[in-house]
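Worksheet: the structure to be examined is printed underneath.
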Amino acid sequence: MIDAERIAVLTGAGISTASGIPDFRGPQGVWTKDPAAEAMFDIDEYVGSRDVRVATWKHRLAVPAWTAEPNPGHLALVELERQGRLTGLVTQNVDGLHQKAGSSPSLVHELHGTVWYVDCLQCRRRIPMADVLPRLQSGDEDPACEVCGGILKSATVSFGQSLDRDVLDRAVAATEAADLFLAVGTSLQVYPAAGLCDLALNAGKPLIIVNAQQTPYDEQAATVLRTPIETTLPELVTLP
Ligand SMILES: [Zn+2]
């Protein structure tokens, strides 16, 4: 049980694996099993090669995010918000499961973007993924922007793309507003997400880590839990 009044949360792939969404770098990860798939997440490869775009859209059509359901880990964070203790929910995930679980979109800061929207790389127009999936299903292998003809890409942050400055600012603000930082299901090896732990630690705030594997921050954490997220988080947020 966590009794802090104001809690900032960072989530990574580990919270969604129980919902059937594979992570990228874990033992069953997408890139671990198929290193070539990494090209699909590189902006230069994507822009420079129609073949990479076709492969990426084919992969998109089949991602489990479209049908995945939130698990008790996601729901526990909705409960934390309901208790009025959540300063912000920063996530490295692009699956939208926090919002699907019921977390307020204004409190969810998606550092790596979302698969639920699509951006035109030329005119910057943003449209719902739901508008693009039917085009893919009807055989358009590399759908172009219907306004300007530009390349379309899911609104996720690829290698070589910078993070959204506003999202990052909100993540920092949520961390600064908290008394405690809770990192869930993240290896804490990717910056700037991991840097939020430094921000909390440097301000003397306790860090709690829930993650199956070791992280570089384990020694500085007040508590490290290796137990499954979907059973651990509901217990952690329960008030006496
Ligand atoms: Zn366009």
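Numerical summary
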read-out: Å² per residue, accessible surface of the chain at 1.4 Å; value: 47
read-out: Of ALA144, ALA200, ALA178, the one that fluctuates the most in a GNM where the chain has Cα springs shorter than 10 Å; value: ALA144
read-out: Net charge dipole size for the chain [Lys, Arg +1 and Asp, Glu -1 on Cβ; Debye, nearest 20]; value: 280
read-out: Rounded FRET efficiency, nearest 0.05, which uses the C-beta distance separating GLN189 from ASP142 and R0 of 35 Å; value: 0.60
read-out: Environment charge at GLN99 (Cβ cut-off 13 Å; Lys +1, Arg +1, Asp -1, Glu -1); value: -3
read-out: Relative contact order (%) - criterion: Cα under 8 Å, at least six apart; region: the chain; value: 26
read-out: Over 25 Å [Cα-Cα, the stretch 116-235], rounded percent; value: 45
read-out: Rounded FRET efficiency, nearest 0.05, which uses the C-beta distance separating LEU133 from GLN214 and R0 of 51 Å; value: 0.85
read-out: Solution diffusion estimate, µm²/s, Stokes-Einstein, the stretch 1-144, Kirkwood Rh from C-alpha pairs, 20 °C, viscosity 1.002 mPa s; value: 128
read-out: At q = 0.11, 0.16 Å⁻¹, base-10 log of I(q)/I(0) for the stretch 99-164 (Debye sum, equal scatterers on each alpha carbon); value: -0.30, -0.61
read-out: Amide H partners (placed H, <5 Å) of GLY88, local residues excluded; value: VAL9
read-out: Volume per residue of the C-alpha convex hull in the chain, rounded to whole Å³; value: 117
read-out: The stretch 35-131: relative contact order in percent, alpha carbon pairs under 8 Å with at least 6 residues between; value: 18
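The values are calculated or read from the model by the stated rules, or taken from the named source; none is laboratory data. These numbers were taken from a predicted model, which means no experiment stands behind them. We place every Cβ from the backbone using ideal geometry, glycine too, and count neighbours over all the protein chains shown. Accessible surface areas use protein heavy atoms only, side chains included; no ligands, DNA or RNA. Shrake-Rupley method; radii C 1.70, N 1.55, O 1.52, S 1.80 Å.
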